[in-house]
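The values are calculated or read from the model by the stated rules, or taken from the named source; none is laboratory data. Source: prediction; values computed, not measured. Here Cβ is always computed from backbone atoms with ideal geometry, including for glycine, and neighbour counts include all displayed protein chains. SASA here: full protein model, heavy atoms, side chains in, ligands and nucleic acids out. Shrake-Rupley method; radii C 1.70, N 1.55, O 1.52, S 1.80 Å.
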Amino acid sequence: MLDFINPKVVAGVQILTALGIARFWMTWLRTEHKEPWLPTGYVEHERCFVYPDSVLATLMVVSAILLLLGNPLGERLTLVCGGMMLFLTVIDTAYFLQNGMFAKEKGGAGNMGLTVVLISVSLLMILRFL
């Protein structure tokens, strides 16, 4: 569907996104989350994402390398990554909506920016190789 996008561009986006995920977790895990407006169980909810996000970031780097090498497995693995990212982002989006975390006073701009970027990257990975 997005055949006009060079697979090397997708590979670059995957590597940048994987680095962004790693940076996010390194920062998040070193930060106290004591804001009074955070929902009960926020830290426990978010910590559950460390593992699947780590798997996702690793798979994105592997699929990016395969794409750069011209290996067709890179395209299939990119589709897997796109599905994983979309699924995880939908869960986060639902959580943010249910807990009013798109409100300005609750970090809404950052949460909205995060979800929009991740959904966009997911769709890029899926629609380029579908």
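Computed with a 1.4 Å probe over protein heavy atoms only, the accessible surface of the chain comes to 59 Å² per residue. The Cα center of region 73-120 and the Cα center of region 1-50 differ in position by 9 Å. The listed residues PHE49, PHE87, PHE4, once ranked by accessible area (1.4 Å probe) with the largest placed first, stand as PHE4, PHE87, PHE49.
Take every Cα pair under 8 Å whose residues are at least 6 apart in sequence, average their separation, divide by the length of region 1-80, and the relative contact order is 41 percent.
For region 4-69, the calculated P(r) over all alpha carbon pairs, in 5 Å bins from 0 to the bin holding the longest distance, is 3, 17, 20, 18, 13, 11, 8, 6, 3, 0 percent.
Surface calculation, 1.4 Å probe, protein heavy atoms: VAL121 sits at approximately 20 Å² accessible. Roughly what percent of Cα-Cα pairs across region 69-127 reach past 19 Å? Result for the distance tail: 38 percent.
Taking the Kirkwood radius as Rh and the Cα radius of gyration as Rg, the chain has a ratio of Rg/Rh equal to 1.02. Ordering LEU16, ASN6, ALA94 by the projection of their Cα atoms onto the charge dipole of the chain, which places +1 on the Cβ of Lys and Arg and -1 on the Cβ of Asp and Glu, puts ASN6 at the extreme positive end. What a 1.4 Å probe finds exposed on the chain is 69% carbon and sulfur by accessible area, rounded to a whole percent.
For ILE91, the accessible area of its heavy atoms, probed at 1.4 Å with every protein chain present, is near 60 square angstrom. Computed about its Cα centre, the charge dipole of the chain is approximately 200 debye, with only Lys, Arg, Asp and Glu carrying charge at their Cβ.
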